[in-house]
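K.L.:
Pasting in a structure now, in structure tokens, and then I'll have a few things to ask.
The values are calculated or read from the model by the stated rules, or taken from the named source; none is laboratory data. Nothing here was measured: the structure is a model prediction, and the numbers come from that model. No Cβ is skipped: glycine too gets one built from the backbone with ideal geometry, and neighbour counts run over all protein chains shown. What goes into the accessible areas is simple: the full protein's heavy atoms, side chains included, and nothing from ligands, DNA or RNA. Shrake-Rupley method; radii C 1.70, N 1.55, O 1.52, S 1.80 Å.
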Amino acid sequence: MSQTKIAVVIGSLRKDSFNRKLALAIAHLAPANFTFEHVRIDDLPAYNQDDDGNQAPAVKRLKSEIAAAQGLLFVTPEYNRSIPGVLKNAIDNASRPYGQSAWAGKPAGVIGVSVGAIGTALAQQHLRNILAYLDVPTMGQPEVFLQNKEGLFDDKGHVAEASKQFLQAWIDKYVAWVKTHSA
């Protein structure tokens with residue numbers, strides 16, 4: 001059974017990020033032949049088109065990690081009704097120069113958690129618009145807009161029983177999406 005590598009892009013830099021917890025927790029719900037590798041985005045320079053001909057080592061590393069993956073998982077909070085700037089910067093850096101996007105053709109899932117009642121619905125919609133332009137086939141359903149409440153995660157950091165069935169259905173659909181679109 002061959003391994004399927006998933007590049008996980010977390011849109012939060014906060015040490016105790018709810019979205020980092022979510023990314024770690026849902027990875028435990030995936031089959032054993034799926035490997036989730038978190039890509040680093042905190043060291044990327046601010047995107048500048050003048051640098052397209054000589055990208056920074058951190059940008060080259062990010063593009064290489066994305067190229068080595070069979071799928072993408074974006075786990076993002078919502079900042080001011082959109083995606084965080086650090087996530088947009090990572091997307092911009094890895095999509096340039098024009099015609100050399102590392103993202104193109106990689107099947108993706110989008111998920112997120114926030115303290116707000118509508119979770120990360122608007123951030124996810126903005127991210128889906130960006131990914132559509134970048135030729136990233138993105139799973140549309142089921143959508144997951146999680147509100148971080150007591151009991152979402154158990155004391156080991158796994159998805160607690162109350163949400164496990166719901167998130168298991170999402171990861172099962174995501175795994176099928178990646179298998180279908182990465183062949």
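K.L.:
Filter the range 131-179 down to the residues that are open to solvent by 70 Å² or more (accessible area, probe 1.4 Å) and touching a strand residue (DSSP E or B) at 6+ places or on another chain (Cβ under 9 Å) and list them by number.
P.N.:
Passing the criteria: 132, 143, 145, 166, 173, 179.
K.L.:
Any chance the range 118-130 includes a residue that's among the hydrophobic types (A, V, I, L, M, F, W, C), under 22 Å from residue 168 (Cα atoms) and open to solvent by 30 Å² or more (accessible area, probe 1.4 Å)?
P.N.:
yes
K.L.:
In the range 7-45, what residues are in contact (Cβ under 8 Å) with a residue 40 or more places away in the chain, open to solvent by 80 Å² or more (accessible area, probe 1.4 Å) and among the aliphatic types (A, V, I, L, M)?
P.N.:
Within the range 7-45, 13, 24 meet the criteria.
K.L.:
Go through (1) closer than 16 Å to residue 29 by Cα; (2) free of Cβ contacts under 8 Å to residues at least 40 places away in the same chain one by one and return the number of the condition residue 135 breaks.
P.N.:
Single failed check for residue 135: (1).
K.L.:
Assess whether residue 58 counts as being farther than 24 Å from residue 137 by Cα and open to solvent by less than 30 Å² (accessible area, probe 1.4 Å).
P.N.:
yes
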